[in-house]
Structures are given as C-alpha cells and as structure tokens.
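Notes to accompany the following structure.
The values are calculated or read from the model by the stated rules, or taken from the named source; none is laboratory data. Predicted model, so just to flag it, every value in this text is computed and none were measured. When we count neighbours, we look across all protein chains shown, and the Cβ atoms used for this are built from the backbone with ideal geometry, even at glycine.
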Amino acid sequence: MLPRMPMAPMAPGFASVVPPRVAADLCGRLKARAKEGLVSAEDVAAVATEVGVPLSHAYVALGGEPMLQLRIAKAVQIAACTGACQAKGSMALLERLLELKAERAAAGQAGIEVVPRGCLNLCEQAPALLSRSDDGVHPHPRVRPEDLAELVAALCED
C-alpha cells in the first residue's frame, strides 16, 4: 500500500465554509454510498438532505476527498474549485451552478454536471471554473455568479 501523502497547505488565513467535522461526516456518508469510488449527483443530494446542510457543502466534501469521484452523466461538465478558492468566491459560483443545474432540469433543458475539485490550479485567476464539453476543456477565469447563466447556455449551445 502506498503511503498517504500530506495535503498541500491552505492559503494563509484560509478557512473552509464547511466545518471540518461536517465535511468528515459528509465524506463518510458519501463513501458508504460509493460504488467503486463513484457517487452520483443524486447520492450527493441525498447526503446533504440527511445531514441537513446546503447541497454545496456536500459538493465541497466530495471535492476534498481524492478517493471519491462524481459519476459523470452529462456531456457538459463544469468543475468548480472547492479548496482555497472558497476564500476568493468559489462557493458563490458553486451554489449558482447547482441552482442552474436544477433550473435546467426542471425546464427540460440540456443538463450540466457540476464537478467539485479540490484545486483547479487557477488560483491566480480565482474564482475560476474549468469546463469540459464537445468543444474541449477550457478555463474560465475570474467568473462572477451573475455571468454563469450565459456561460452555461453557451456551453450547452442553447
């Protein structure tokens, strides 16, 4: 068995929006639902409901656990940093993306998959997203929550 590598230090003054005990509880519940290291978006939502926390908190916990991955079911994927970028506004992006995902599903529009990542290596351009679609993989630096509806529509070719 390989030794567990220590996590990179967080940015000075960084504090996660999700308390460590809550994140650990969420991770444990997600691991219990995982099949071969994969969990569905429905599993993430169910765990958030069980614990009584916002859906974005369960995504943060998932993004911080390298042994778990979200089962990808949509052609358009948008990765959001759930690590140190929280201090630079990534939680607002994550919450808005999850709202847009639900709105699109309710309207019968092409879906998106929101993928939490511990780090996108775009820290200098935070808050940032990374999209994957038929057009390839693209970084989206300095994104504002109010710009997300237009970005998602463009990615889904609405």
Review point. So how many residues does region 39-58 have that are surrounded by fewer than 18 Cβ atoms within 10 Å (Cβ to Cβ), under 27 Å from Glu146 (Cβ atoms) and without any contact (Cβ under 8 Å) to a residue 24 or more places away in the chain?
Key: 1
Review point. Can you spot a residue in region 59-77 that is surrounded by 24 or more Cβ atoms within 10 Å (Cβ to Cβ), over 17 Å from Val22 (Cα atoms), assigned by TED's automatic domain parsing to the domain that holds Arg144 and touching a residue at least 24 places away in the same chain (Cβ under 8 Å)?
Key: no
Point to revise | Scope region 93-136; condition under 20 Å from Leu68 (Cβ atoms) and part of a helix (DSSP H, G or I); matching residues | key: Leu94, Leu97, Leu98, Lys101
Review point. Across region 24-38, which residue is surrounded by the most Cβ atoms within 10 Å (Cβ to Cβ) among those that are touching a helix residue (DSSP H, G or I) at 6+ places or on another chain (Cβ under 9 Å) and among the charged types (D, E, K, R)?
Key: Arg29
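Could you please find all residues in region 49-92 being in a loop (DSSP other than H, G, I, E, B) and among the hydroxyl-bearing types (Ser, Thr, Tyr)?
Within region 49-92, just Thr82 meets the criteria.
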